[in-house]
Amino acid sequence: MQTAATPALAMLRLLGGYQISQALYVVARAGVADRLVDGEVPVAELARATGLRPDALARIVHVLAGEGVFAFDRPTDLVALGPLGRTLLTDGPESLRNIALTWMETHYPPFGELWHTATTGEPAIDHHFGMPLFEWLARDRERAATFSGAMGDFARAIRQDAFAAVELEGVRTVVDVGGADGAVLAALARRHPGLRGTVLDLPHVVAAAPPVLRAHGVDDRITAVGGDFFAEMPPADCYLACFVLHDWSDERATGILRRMHRAAAVPHARLVLVETVLDRGESPEVAALLDLTMLGMLTGRERAAEEWRALLAAGGFRLDRIREAGGPACVIEATRVP
Ligand SMILES: C[S@@+](CC[C@H](N)C(=O)[O-])C[C@H]1O[C@@H](n2cnc3c(N)ncnc32)[C@H](O)[C@@H]1O
């Protein structure tokens, strides 16, 4: 990978980031990495297989080779996967392909309006598409499914240790609030054979859960419920919310916490959040980028430990502890104050 010799050259690379993002989108969408798992392929053959134009593909691959995505030997025209190449495979434990698709199809166009957000406070997406993110996603099932896939990419890439760190000793029922396709709760239920639970998410999102729960063999213990977490909350003795509260302003996030507080099945119900904590955890630069995502795409923010403590208190919960879980994610544990 290249490093810049002067501040001006470093700045040029940063300013050209929009081209790198779009080049990554083209190869992710075309499935270029999938064609290279068995070894190097001539660019002309790669272009034929992916439907891209050979000249354009060669120039895109040349730039991405400088970023470690591919290896490209121009004299022979041979392309191979570079150190980062496997992250663009369609499947696999390191895949971020759904993030590439979602960020470039749903996030990139609004981010052209970041100036608007910086001067008015209105999320760029509301200005660009004329509606909030989750409404925009709900208009197109494929778009919504790619977004859920992107959340799954996050789970594998940056939160896998976080879920392993979630302890559920003594817990009988869990509601995963904003639990998407149920993959997180299904994995937890497999580790805790007595656990019963509910995945709560918007109806069109949670529609993807039943096959996931069946595939994990937990559909007899975990049910999927379509609903609005601002309006309803199933009872439970533990609530789980992974990267949900960061989507919302303090006022809206407090509303979700208060719903959990009201619905809790036991006085000292537990709450487990998986979120970034700005002053804790590895990869603070990823947490800072997520904070910018929240600024442009939602009303929420990434929060520091004291901000989490205050938010939880406003919702009726006491912050017990924060555990760093590898990568930028932390597990935040809290208890309902009766
Ligand atoms: C950032 S995603 C996190 C998904 C999942 N917890 C994970 O970690 O992969 C936020 C989730 O909140 C859901 N959501 C947004 N608004 C909602 C609402 N009003 N009621 C229920 N779920 C909602 C979205 O559909 C999405 O699945």
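The values are calculated or read from the model by the stated rules, or taken from the named source; none is laboratory data. The structure presented is a predicted model; accordingly, all values stated were derived computationally and were not measured. Counting neighbours? That spans all protein chains shown, and the Cβs are built from the backbone with ideal geometry, glycine included. Accessible surface areas use protein heavy atoms only, side chains included; no ligands, DNA or RNA. Shrake-Rupley method; radii C 1.70, N 1.55, O 1.52, S 1.80 Å.
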Item to check | Separation of alpha-carbon centers, region 274-338 and region 190-217, rounded to whole Å | outcome: 24 Å
Checklist entry - For region 198-209, what does the Karplus curve 6.51 cos²θ - 1.76 cosθ + 1.60, with θ = phi - 60°, yield as ³J(HN,Hα) per residue in whole Hz, taken in order and with x for Gly and Pro? => result 9, 9, 10, 7, 4, x, 6, 7, 6, 4, 7, 6
Checklist entry - Net charge near Tyr18, counting Lys/Arg +1 and Asp/Glu -1 over other residues with Cβ under 15 Å of its Cβ? => result -2
Item to check | Relative contact order, percent, region 150-223 [alpha-carbon distance under 8 Å, six or more residues apart] | outcome: 31 percent
Item to check | Share antiparallel - DSSP beta bridges, the chain, percent rounded to 5 | outcome: 50 percent
Item to check | His204 - accessible surface, heavy atoms, 1.4 Å probe, Å² rounded to 10 | outcome: 50 Å²
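Taking a probe of 1.4 Å, how large is the accessible area per residue of the chain, in Å²?
48 Å²
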Next on the checklist: Just to be sure I understand: with springs between alpha-carbon atoms less than 10 Å apart, which residue in Trp248, Trp115, Trp136 has the highest mean-square fluctuation in the Gaussian network model of the chain?
Outcome noted: Trp115
Item to check | log10 of Debye I(q)/I(0), alpha-carbon scatterers only, for the chain at 0.08 Å⁻¹ | outcome: -0.42
Checklist entry - Per-residue HN-Hα couplings for region 318-325, Karplus 6.51 cos²θ - 1.76 cosθ + 1.60 at θ = phi - 60°, whole Hz, x for Gly and Pro? => result 9, 5, 8, 7, 10, 10, 6, 10
Checklist entry - 222 nm [θ] for the chain, helices only, -39500 (n - 2.57) per DSSP H run of 4+, per residue, to 500? => result -13000 deg cm²/dmol
Next on the checklist: Taking the Cα centroid of region 225-266 and of region 78-103, what is the distance between the two, rounded to the nearest whole Å?
Outcome noted: 34 Å
